[in-house]
Amino acid sequence: MKPTLYFVTCLIAILGLTSHTEAIEVQGVEGENVKIDCRYPKGFENYEKYLTDVRYKRNNALIRSKKPNTLVTEGRYTMYDNTATRVFTITIKEAQMSDAKTYWCAVERTLRDDYTEVKLTVRPGVKSYAGEEGGSVKIECRYPEGFENYEKYLTDVRYKQNNALIRANKHNTLVTDGRYSLYDNTLEKVFTVTIKELLMSDAGTYWCAVERTLNDDYTEVRLTVHPGVTSRAEVIEVHGDEGGSVKIDCRYSQGFENYEKYLTDIRYKRKNALIRANKPNTLVMEGRYSLYDNTSATVFTVAIKELQMSDNKTYWCAVERTLGDDYTEVRLIVHPVLGVPRIQKVIRVHGEEGKSVKIDCRYQEGFEHYKKYLTSAGRVINDTVIKTEYSNTLVTSGRYSLYDNTSARVYTVTIRELRMNDAGTYKCAVDRQQTDDFIRVTLTFHPGVTSYAEGIEAHGEEGGSVKIDCRYPQGFGNYQKYLTDNKWKLHNALIRSTKPNTLVTDGRYSLYDNTSARVFTVTIKDLQMSDAGTYWCAVERTLNDDYTEIRLTVQAGVKSSEKDIRVSGTEGGSVMIDCRYKNGYENSEKYLIDATRKLNNVLIRAKKPNTLVTEGRYSLYDNTSARVFTVSIKELQKSDAKAYWCAVERTLSEDYAEVRLTVHSELTTSDEVIKVHGTEGGIVKINCRYPEGFEKYEKYLTEVRYKRNNALIRANKPQHSGGHGVDTLCMTTPLQEFLP
């Protein structure tokens, strides 16, 4: 019988437990934190621990820690290794349904890591929704993969399919039943239930359900309903003069933007509406009444012109709803007109520089066809600013216009583009044969906003883009806006726009004027270092434009995310080159180019993020979430050893990172045979030499040639016991008839 020899381990103490326990079962609730306690035996306190969802793959660790008794955080994962109790605890924050799977607690060791299986299940959490009485609410119900074609429903009685409030077996189709609707989006694996015209009694607990053969799958939902605003304002009180006009602002709650609004003088009588509108953001006119519903401000405004004494009464602003309309009481007080000159002894009006102002001048009955005018200096007609020639006709003279409404016995003077020197005393006058009839007018106004913001600081990066938000005051929505780098020079505008709420583009510049927010936004793309400096946002006006100063700084772009990338491979093998790039370039084209840096020498390029592109021996994959594109070169040749550049294509100049590739000669099998001798029960050492350049490569010992998976031992951590290029392996595996 031939003797059998055994290698004896160099470190007898290292006896790993492949599975410290059979399995740990942990349950969590969606949206809540879940903790996993991983125990390990004595002696492993200072070893590295980690959690992975891919066994035997250290690099796939979700979180790892080398610091005992210290809290380590990585995204939604935290880890704390309590060496006193020999337990390391993993916490997964805000658990998701996709977290339900198998994990492994692991202790990293020299030979083989110690794994403990963890089975995590996550049950749906209780979701809370809130709505307002009379409004609507949407409830999103998620379900796991594989249930796309099952029937879904909403119920307020669990385990009672027949009590479903709405159900649907039609996927990706809207199903409606009374106040309920259901849409099952199988792509997102979410079905959405909408409840409209909410009642206070709708508040309570519901269950989203997926119908199955045995037991249906339920997710609890809690709905809160807040009382609707029956009257947003207790009473609105407005005043107007006989023959004049008045505006009534009626506010309503959010969520009622698309509901019909109306004004009535008989509450609870829709048919008696004086005016109604079901067209948001559109002016509707009906006789003396007009209504405009501003949905962005949740206010609808009713205007009543040519006021009469009979208009002096109570009204109601109303929002029409299916169950009960929402009313706000309005009290209108109309003051009588007693005749000139006692109609108004003094008219006081206010305006703002650069804007316009209207002056309503009343006169008594019988003077409808007399000429009217506005004067700025006593009763001298030669100082007349503007004068009528015909009744009910608009007359314009420069910045002034006058319209005489004979039916209301009011003539209106409008002064546009107000100047500071316009402030002062005027007189409304009726031109009579003997003595003209005057009313004193006092005009005051606030200075215009020369600079709406003290100064805007904007920052960008060379090659990137920057957005500049320019705010302007109310009343300038339809004025022209522009950006300039030369104040007071309208013709030097870099970009201008006369189209509100429309994107305008000119070269590297674009401008969008959002009139509802009173902000116009200028975007400058492909930033250059020379773009740094002072600019002005401007609103064009007839007299002086309205400027806001902007100070733009541009930081130098990173020409190389990594100054020098060094990689090496073996002749005939393959190599991977990781090229990192900065945030904001995810959708830019990437490529690998040789030392010439000429575009016609591109070895491989890719315009498709997160897609593998292959070209001969080269392949490229752009991982946009990690902002890394990886180039693989297979079947390496000695001629591949040279300089390359990873490149990100930009409009102005390319972003390069130099790559230096080294190709080692193919490692051939030596014909030399290493003979070693050992004694049964003793220790034997085998010295395996390898050529220069392979110091950091993994080494292993096997008894089955060409079978890596049959390695008896392997190491990727060099521990030289001899000279350069020598690794020493200690074994516990039997030596198969090694001696003759």
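Take Asn600 and tell me if it is outside any strand (DSSP E or B), modelled with pLDDT of 90 or more, among the polar types (S, T, N, Q) and open to solvent by 40 Å² or more (accessible area, probe 1.4 Å).
no
Would you confirm, using the coordinates I've provided, whether Leu283 is surrounded by fewer than 16 Cβ atoms within 10 Å (Cβ to Cβ) and among the hydrophobic types (A, V, I, L, M, F, W, C)?
Here the answer is yes, as Leu283 does meet what is asked.
Count, please, the residues in segment 404-435 that happen to be within 50 Å of the chain's Cα centre (by Cα), open to solvent by 30 Å² or more (accessible area, probe 1.4 Å) and within 14 Å of Cys361 (Cα to Cα).
Total meeting the criteria: 1.
Return the residues of segment 56-87 that are of a type outside the set (S, T, N, Q), surrounded by fewer than 15 Cβ atoms within 10 Å (Cβ to Cβ), assigned to a loop (DSSP other than H, G, I, E, B) and without any contact (Cβ under 8 Å) to a residue 40 or more places away in the chain; say none if nothing qualifies.
Residues satisfying the conditions are Lys57, Lys66, Lys67, Gly75, Ala84.
Mind checking whether some residue in segment 199-210 is hydroxyl-bearing (Ser, Thr, Tyr) and over 15 Å from Asp156 (Cα atoms)?
Scanning segment 199-210 turns up no residue that is hydroxyl-bearing (Ser, Thr, Tyr) and over 15 Å from Asp156 (Cα atoms).
Could you check segment 240-256 and list, in sequence order, the residues that are open to solvent by 40 Å² or more (accessible area, probe 1.4 Å) and within 30 Å of the chain's Cα centre (by Cα)?
Scanning segment 240-256 gives Arg251, Gln254, Gly255.
Which condition from (1) closer than 30 Å to Glu698 by Cα; (2) free of Cβ contacts under 8 Å to residues at least 24 places away in the same chain is the one that Glu117 breaks?
Status for Glu117: all satisfied but (2).
Could you say which residue among Lys138, Lys93, Lys152, Lys101 is of a type in the set (Lys, Arg), within 33 Å of the chain's Cα centre (by Cα) and open to solvent by less than 60 Å² (accessible area, probe 1.4 Å)?
Lys152
Out of the residues in segment 659-697 that are within 30 Å of Ser639 (Cβ to Cβ) and among the small types (Gly, Ala, Ser), state the one that is modelled with the lowest pLDDT.
By that ranking, first place goes to Ser670.
Consider Ala164 against the criteria (1) closer than 30 Å to Val319 by Cα; (2) crowded, with 19+ Cβ neighbours inside 10 Å; (3) modelled with pLDDT of 85 or more: it satisfies all of them except one. Which criterion is unmet?
Only one criterion in (1) closer than 30 Å to Val319 by Cα; (2) crowded, with 19+ Cβ neighbours inside 10 Å; (3) modelled with pLDDT of 85 or more is unmet by Ala164, namely (1).
Run Gly43 past the list (1) open to solvent by 80 Å² or more (accessible area, probe 1.4 Å); (2) without any contact (Cβ under 8 Å) to a residue 40 or more places away in the chain; (3) under 30 Å from Leu712 (Cβ atoms) and report the number of the one that doesn't hold.
(1)
When you go through (1) surrounded by 16 or more Cβ atoms within 10 Å (Cβ to Cβ); (2) under 33 Å from the mean Cα position of the chain (by Cα); (3) touching a residue at least 60 places away in the same chain (Cβ under 8 Å); (4) assigned to a strand (DSSP E or B) one by one for Leu198, which number turns out not to apply?
(4)
Kindly indicate which of Val157, Val210, Val221 is within 30 Å of the chain's Cα centre (by Cα) and surrounded by 13 or more Cβ atoms within 10 Å (Cβ to Cβ).
From the options Val157, Val210, Val221, the qualifying one is Val221.
I need a count of the residues in segment 698-730 that are part of a loop (DSSP other than H, G, I, E, B), at pLDDT 80 or above and open to solvent by 70 Å² or more (accessible area, probe 1.4 Å).
Residues in segment 698-730 being part of a loop (DSSP other than H, G, I, E, B), at pLDDT 80 or above and open to solvent by 70 Å² or more (accessible area, probe 1.4 Å): 2 in total.
Output the residues belonging to segment 189-209 that are at pLDDT below 90 and farther than 19 Å from Ser128 by Cβ.
Residue satisfying the conditions is Glu197 alone.
So, Thr523, is that one more than 14 Å from Asp546 (Cβ to Cβ), among the hydroxyl-bearing types (Ser, Thr, Tyr) and within 21 Å of the chain's Cα centre (by Cα) or not?
Yes, satisfied.
Among the listed residues Thr534, Thr553, identify the single one that is assigned to a strand (DSSP E or B), at pLDDT 85 or above, in contact with a Lys or Arg (Cβ under 8 Å, 6 or more places away or on another chain) and open to solvent by 30 Å² or more (accessible area, probe 1.4 Å).
Answer to the check: Thr534.
The values are calculated or read from the model by the stated rules, or taken from the named source; none is laboratory data. Predicted, not measured: the structure shown is a model, and the values here were computed from it. As a convention, Cβ positions derive from the backbone with ideal geometry for all residues, glycine included, and neighbour counts pool all protein chains shown. Just the protein is used for accessible areas: all its heavy atoms, side chains included, with ligands, DNA and RNA removed. Shrake-Rupley method; radii C 1.70, N 1.55, O 1.52, S 1.80 Å.
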